[in-house]
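Participant: Attaching a single structure in structure tokens format; questions to follow.
Where a number appears in this text, it was derived from the coordinates with a stated rule and is not lab data. The shown structure was predicted, so the numbers you read here are calculated from the model rather than taken from an experiment. No Cβ is skipped: glycine too gets one built from the backbone with ideal geometry, and neighbour counts run over all protein chains shown.
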Ligand SMILES: Cc1cc2nc3c(=O)[nH]c(=O)nc-3n(C[C@H](O)[C@H](O)[C@H](O)COP(=O)(O)O)c2cc1C
């Protein structure tokens, strides 16, 4: 998501359209430098390679390196409720679909200085959450929820977004989202660094029990969605 800076150009919308593949005359086995574009790409190697041994790299450098290179990533907008009833919204870009049978998604939530984030604590306590796909017109509303609010402060009011009831789980879904998934906790995996023993992350698998989807974009399933503001998820 864009950082706020008046020095940056204004947001411009890109629209979706089907095009030919970048190299429509590709034949099996053809070398990358067979086209002018491929040749220009291959020239990028001229400055040489840097090999990074992750175990020897500063983790503070590995993080920006990996999140910059492993893109695009969708962003899960996760709604949870604590065991005492406090509602929470959190953004997680370590997010993806795992399989459709059963319908399963994954989010990875960091543990910072031994502190588990509200999202993880709530999911472990209640075994329920919703994941809401973000669209461009309300991307800033969602981004407002990335602040480190105290556990007893709900991000809903800060976001300006609307709670809509779920049918199967307690945490509400985001009414403005064109695609929301009601999830039950399926499995968690604690990620512990093999050498340092630091418990750094919780990988959370959620079983999608109900999907709430706008009817309009469903018409385009399998054909691509027509307009990014209509449906495409905010991503990183
Ligand atoms: C676009 C974006 C993506 C993020 N992705 C993640 C992520 O995948 N995992 C994570 O632990 N934190 C992620 N964060 C940071 C959390 O959103 C942030 O720590 C938030 O305060 C967590 O909320 P919680 O404490 O209410 O659970 C992301 C933040 C932004 C803005």
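Participant: Compute for the range 76-218: radius of gyration divided by Kirkwood radius, i.e. Rg/Rh, restricted to C-alpha atoms, rounded to two decimals.
Facilitator: On the way: Rg = 14.7 Å, Rh = 15.3 Å.
Result for the range 76-218 is an Rg/Rh of 0.96.
Participant: A further question on this structure: Helix-only mean residue ellipticity at 222 nm, the chain, DSSP H runs n ≥ 4 weighted -39,500 (n - 2.57), per residue, nearest 500. What is it? Spell out each step's value before the answer.
Facilitator: Details: 6 runs with 40 residues, N = 236.
Calculated at 222 nm, the ellipticity per residue is -4000 deg cm²/dmol.
Participant: In the chain, what % of DSSP beta bridges are antiparallel (nearest 5)?
Facilitator: Working: 46 of 46 bridges.
Of the beta bridges lying entirely in the chain, close to 100 percent run antiparallel.
Participant: Mind giving me the FRET efficiency for residue 42 and residue 8? R0 is 45 Å, r the Cβ-Cβ distance, nearest 0.05 is fine. Intermediate results must be reported in sequence, preceding the final value.
Facilitator: Details: r = 32 Å, r/R0 = 0.71.
Efficiency, rounded to the nearest 0.05: 0.90.
Participant: Any chance you could give the angle, 0 to 90 degrees and rounded to 10, that helix 59-69 forms with the longest Cα principal axis of the chain?
Facilitator: 70 degrees
Participant: Return the distance in nm (one decimal) between the two label points of a simple spin-label model at residue 86 and residue 110, each offset 7 Å from Cα along Cα→Cβ.
Facilitator: It works out to 2.1 nm between the two label points.
Participant: For the range 1-152, go through all pairs of different Cα atoms, get the mean of 1/r, take its inverse, and jot down that Kirkwood value in Å.
Facilitator: Details: mean 1/r = 0.0505 Å⁻¹.
Roughly 19.8 Å, rounded to one decimal.
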